[in-house]
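FYI, it's all coordinate maths here, none of it is from the lab. The structure displayed is predicted, hence computed values, not measured ones. Don't worry about glycine lacking a Cβ; one is built from the backbone with ideal geometry, like all the others, and counts go over all protein chains shown.
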Amino acid sequence: MRGSKILITGPTGQVAVPVAKALAADNEVWGIARFTDAAGRADLEKSGVRCETVNLAGGDFAGIPTDFDYVINLAVAKSGRWDKDLAANAESVGLLMAHCREMKAFLHCSSGAVYDPPDDDPRSERAALGDNHKPLFPTYSISKIAGEVVVRTMARALGIPSTIARLNVPYGDNGGWPLFHLEMMLSGSPIPVPPGGPARYNLMHEDDIIATIPKLLEAASVPATTINWASEQLVSIQEWCTYLGSLVGVEPSFEVSDQALRGNPLDVTFMRELIGPATVDWKDGLHRMAAKFHPELVS
């Protein structure tokens with residue numbers, strides 16, 4: 001992607017920071033968020049991202065241009081308040097699409113957390129939806145499902161080519177869930193895991209996220225395209241914690257908890273056919289992450 005005008009929501013988030021910086025190298029990139037962290041805003045602006053303060057939950061985009069080529073929605077709210085999270089994760093999406101209705105394509109980052117949690121079989125895009133993350137984030141799964149419905153509705157109502165990408169465990173040089181586990185291990189805290197077998201997920205490195213975004217925008221359609229956005233490698237919490245522990249010289253301990261999330265493996269057959277697979281090996285990616293945050297421990 002070169003020479004395009006792109007709007008990114010939530011550019012201060014874990015996923016969005018490297019995306020915004022990468023796209024700003026060859027495009028005019030705008031980022032909208034509350035920007036409560038002045039240092040984070042300055043870092044983005046240094047990379048060429050134009051930052052504008054917007055409260056997404058408020059849905060007021062009056063001061064934002066309408067002539068974007070592409071809009072990438074990477075914002076997320078997990079406050080636990082239903083009114084706030086539904087407004088930010090669903091209502092604001094429709095208002096933003098209406099505001100930028102002349103765009104070429106809209107990319108909505110959803111989550112693998114929208115799938116129903118009972119079993120550990122990889123879920124395709126046709127699998128049942130449900131309240132997957134209720135034990136930890138009571139509003140998250142439901143508000144993300146609501147956001148998908150809003151995108152599908154607005155895509156049809158306004159004729160906006162759209163892609164809904166269900167991301168599963170993003171991580172990389174900007175952190176992620178495995179980094180939280182690494183810090184817990186270094187502090188001597190046990191890692192909570194659910195009862196039963198290993199809790200498997202698809203780790204998705206930020207390099208693959210960045211590389212596939214142009215392809216996801218190309219795949220946008222009316223009705224909206226829905227796709228699992230994840231690596232083909234299924235890795236359990238136990239596996240990645242054991243590997244991270246080997247890098248820093250710590251033996252992880254695990255604590256079985258009914259409140260821990262069950263594994264959430266995704267079937268990425270459709271992704272492989274439509275845009276191609278992710279390419280970063282999970283061990284290579286975790287090694288890079290650990291070395292970034294703890295160079296004193298990892299060569």
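Converting phi to 3J(HN,Hα) with the Karplus coefficients 6.51, -1.76 and 1.60 and the offset θ = phi - 60°, the stretch 58-67 yields x, x, 9, 10, 4, x, 9, x, 10, 9 Hz in sequence order, with x at every glycine or proline.
Once the Cα-Cα distance is subtracted from the 0.36 nm per residue extended length, the Val248 to Glu232 segment shows a gain of 3.1 nm. Applying the Karplus relation 6.51 cos²θ - 1.76 cosθ + 1.60 with θ = phi - 60° to the stretch 268-278 yields 3J(HN,Hα) values of 10, 4, 5, 4, 4, 6, 8, 10, x, x, 5 Hz, where x marks Gly and Pro. Here's how it looks for Gly263: its modeled amide H is under 5 Å from those of Arg200, which are all 5 or more places away or on a different chain. Relative intensity of the chain on a log10 scale, I(q)/I(0) at q = 0.09, 0.13, 0.15 Å⁻¹, equals -0.43, -0.92, -1.23, per a Debye sum over C-alpha point scatterers of equal strength in the absence of solvent. Scalar couplings 3J(HN,Hα) for the stretch 68-82, obtained by applying the Karplus form with A = 6.51, B = -1.76, C = 1.60 to θ = phi - 60°, are 7, 6, 9, 10, 10, 9, 10, 6, 8, 10, 9, 6, x, 9, 5 Hz; x denotes Gly and Pro.
Can you bin the stretch 167-229 into rounded, prolate or oblate? Criterion: square roots of the alpha carbon gyration tensor eigenvalues sorted a ≥ b ≥ c, rounded for a/c under 1.5, prolate for a/b above b/c, oblate for the rest. Oblate.
Can you give me the span-like helices of the chain, meaning DSSP H runs with 24 Å or more of Cα extent along the axis and Kyte-Doolittle mean at or above 0.5?
Numbers: long enough: 140-158 (27 Å, 0.65).
Going by DSSP H runs, the hits are 140-158.
Placing pseudo-labels 7 Å out from each Cα toward the beta carbon at Ala42 and Arg2 gives an inter-label distance of 3.3 nm.
Would you kindly state how much longer the chain becomes between Ile64 and Val222 on full extension, computed as 0.36 nm times their sequence separation minus their alpha carbon distance, in nm to one decimal? Working shown, then result.
Working: separation 158, 0.36 × 158 = 56.88 nm, distance 2.48 nm.
Extending this stretch completely gives an extra 54.4 nm.
In terms of the mean number of neighbouring beta-carbon atoms within 10 Å, the peptides 50-61, 140-151 order highest first as 140-151, 50-61. Helical content of the chain, expressed as a calculated mean residue ellipticity at 222 nm, amounts to -10000 deg cm²/dmol (DSSP H runs of 4 or more residues, -39,500 (n - 2.57) each, divided by residue number, nearest 500). Under 5 Å from the amide H of Ala105 lie the amide H atoms of Val71, each residue being 5 or more positions distant or on a separate chain, with H modelled from the backbone and absent for Pro and chain starts.
What does the highest-first list of 220-232, 282-294, 127-139, 161-173 look like by mean Cβ count within 10 Å?
Working: 220-232: 20.4, 282-294: 18.8, 127-139: 17.2, 161-173: 23.5.
Output ranking for 220-232, 282-294, 127-139, 161-173: 161-173, 220-232, 282-294, 127-139.
With a simple spin-label model that places each label point 7 Å from the Cα along the Cα-to-Cβ direction, the separation between Leu297 and Val256 comes to 2.7 nm.
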